[in-house]
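Written out below as structure tokens is the structure these notes cover.
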Amino acid sequence: MILNTIQECMTTSVATVSSSQSIKEAAELMSQNNVGSIPVVDNGQLRGIITDRDITLRSTAEGLDSNIPVSQVMTTNLVSGHTNMSAAEAAKVMAQHQIRRLPIVENNQLVGIVALGDLAVNQMSDEAAGHALTNISEQTKTH
């Protein structure tokens, strides 16, 4: 089966944290769900994303306490997708912004998330996902 829309390949049961939860709680959720990032949602609205890298560089490396709120270390300049975009469009956005996960929103509410790996299983977007991964990897090497 060839997937056409992002809704067909996104994950809808997404673990989230609120901006007021501690980074320790966020790290615990990452561990429990075996993920490296978690969307930050307040009252259903996507406010940012917190990654294991955010926690490491913006708190641990700075000697901050693990009970500080997620809002102090989360990434807020967020790129998101919408439910009626195609998988190929999502891969293109991910490549342009060098991101591996794209939160999907509808009416300003988080409805899912798509990872580069989700797109890679989509036959129609194999080439686009490969291109996105190549661009992300090349950008990572130069930083």
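When we screen M94, M30, M74, M85 for residues that are touching a Gly at 6+ places or on another chain (Cβ under 9 Å), closer than 19 Å to Q109 by Cβ and modelled with pLDDT of 90 or more, the only hit is M74. Counting only residues that are open to solvent by less than 40 Å² (accessible area, probe 1.4 Å), under 19 Å from Q109 (Cβ atoms) and not β-branched (V, I, T), the stretch 10-27 holds 4 of them.
When the stretch 28-40 is limited to residues that are among the hydrophobic types (A, V, I, L, M, F, W, C) and farther than 15 Å from D118 by Cβ, the one that is most open to solvent (accessible area, probe 1.4 Å) turns out to be L29. For N43, are the conditions met, namely being modelled with pLDDT under 95, under 19 Å from S71 (Cα atoms), open to solvent by 60 Å² or more (accessible area, probe 1.4 Å) and of a type outside the set (A, V, I, L, M)? Answer is yes for this residue. Check the stretch 72-82 and report whether any residue there is over 19 Å from I113 (Cβ atoms) and surrounded by fewer than 16 Cβ atoms within 10 Å (Cβ to Cβ). Taking every residue of the stretch 72-82 in turn, at least one turns out to be over 19 Å from I113 (Cβ atoms) and surrounded by fewer than 16 Cβ atoms within 10 Å (Cβ to Cβ). Exactly one residue out of T16, T56, T60 is among the β-branched types (V, I, T) and closer than 22 Å to H82 by Cβ: that is T16. In the stretch 43-60, the condition of being within 23 Å of G117 (Cα to Cα) and in contact (Cβ under 8 Å) with a residue 60 or more places away in the chain is met by at least one residue. Within the stretch 60-70, can one find any residue that is modelled with pLDDT of 90 or more, assigned to a helix (DSSP H, G or I) and either of a type in the set (K, R) or within 16 Å of the chain's Cα centre (by Cα) (or both)? Yes, the stretch 60-70 has at least one match. Of all residues in the stretch 97-143, which are modelled with pLDDT of 85 or more and assigned to a helix (DSSP H, G or I)? H97, L116 - these are the residues of the stretch 97-143 that are modelled with pLDDT of 85 or more and assigned to a helix (DSSP H, G or I). Of all residues in the stretch 46-71, those being of a type outside the set (S, T, Y), open to solvent by less than 60 Å² (accessible area, probe 1.4 Å) and within 15 Å of I99 (Cβ to Cβ) number 5.
The values are calculated or read from the model by the stated rules, or taken from the named source; none is laboratory data. What you see is a predicted model; the values in this text were computed from it and never measured. When we count neighbours, we look across all protein chains shown, and the Cβ atoms used for this are built from the backbone with ideal geometry, even at glycine. With ligands, DNA and RNA removed, areas are computed over all heavy atoms of the protein, side chains included. Shrake-Rupley method; radii C 1.70, N 1.55, O 1.52, S 1.80 Å.
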